[in-house]
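**Q** Pasting in a structure now, in structure tokens, and then I'll have a few things to ask.
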Amino acid sequence: MPSGAEYLDFLTGQRQTRDFTSDPVSDDDLGAVLETMRWTGSASNRQPWQFLVVRDPETIAKLAKATMFTFWLPKAPIVIVVLTAGSDRYAHAYDLGRVDERILLASQALGLGAGIVTFGSDSAQRIAHEALQVPGDWSVYSAVAIGHPAETARPAKLGGRKPLDELVHWDRFTRS
Ligand SMILES: Cc1cc2nc3c(=O)[nH]c(=O)nc-3n(C[C@H](O)[C@H](O)[C@H](O)COP(=O)(O)O)c2cc1C
């Protein structure tokens with residue numbers, strides 16, 4: 001078991017991967033990622049999701065056309081899409097974000113890389129729905145690509161994070 005400090009380093013060291021080798025992800029690793037996703041908590045334990053595992057390169061290529069930020073998806077051997085259904089969009093967005101984060105962290109724990117994409121606009125959602133052949137009552141808001149990170153995989157250009165003194169308020173919120 002990692003120590004608490006090692007585990008926190010693992011969490012803060014998680015970076016978006018957008019470049020992958022051609023090595024396949026093993027069935028064991030994929031199964032472990034899916035099992036980790038399955039255990040994600042949700043409001044009232046409703047688990048309002050289905051997991052769509054996309055391995056077909058043609059489908060991934062179609063999905064990559066959804067936005068200008070999804071072009072790199074075809075480098076990944078697997079793209080996992082968490083589909084959500086129902087009318088409470090905010091609650092489901094929250095649940096969905098939790099599952100996507102677990103894909104990132106489970107992948108990292110296995111020595112894989114992973115990266116999120118989102119299909120925020122109406123046109124992106126339409127392209128994603130068509131590419132994945134998902135019925136309209138299931139929402140396709142995001143996807144997470146997983147694979148073995150390429151040597152050339154680099155942190156995002158902007159990288160880094162805001163310092164805590166720009167983020168944290170003590171006892172009451174004050175505008176800076
Ligand atoms: C909600 C959300 C949507 C994102 N959408 C995209 C995307 O469409 N394409 C992409 O390349 N990265 C996307 N990212 C990844 C972010 O760019 C990345 O998390 C951020 O730049 C920090 O990168 P780092 O952890 O490597 O420093 C998204 C991340 C989140 C949380």
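All of the numbers you see were taken from the coordinates with simple rules; none came from a lab. Worth saying up front: this structure is predicted, and the values here are computed from it rather than measured. All Cβ positions, glycine included, derive from the backbone under ideal geometry; neighbour counts span all protein chains shown.
**Q** Is the C-alpha gyration tensor of the chain telling us rounded, prolate or oblate? Criteria: a/c under 1.5 is rounded; beyond that, a/b larger than b/c is prolate, otherwise oblate. Spell out each step's value before the answer.
**A** Numbers: a/c = 1.43, a/b = 1.17, b/c = 1.23.
Rounded.
**Q** Relative to the present Cα-Cα distance, how much length would full extension add between residue 65 and residue 50 at 0.36 nm per residue of separation?
**A** Result: 3.1 nm gained on full extension.
**Q** Separation between the residue 39 and residue 3 pseudo-spin-labels, each 7 Å from Cα along Cα→Cβ, expressed in nm?
**A** 2.4
**Q** Scan region 83-176 for chymotrypsin sites (Phe, Trp or Tyr not before Pro) in coil per DSSP, keeping those whose Cβ has at most 14 other Cβ atoms within 10 Å, and list them by number.
**A** Passing sites in region 83-176 are 170, 173.
**Q** Below 8 Å, C-alpha to C-alpha, sequence gap of six or more: please give me the relative contact order for region 22-108 in percent.
**A** Computed over region 22-108, the figure is 40 percent.
**Q** So, one more: Under the rule of at least 5 residues apart or a separate chain, name every residue whose amide H is placed under 5 Å from the amide H of residue 114.
**A** 17
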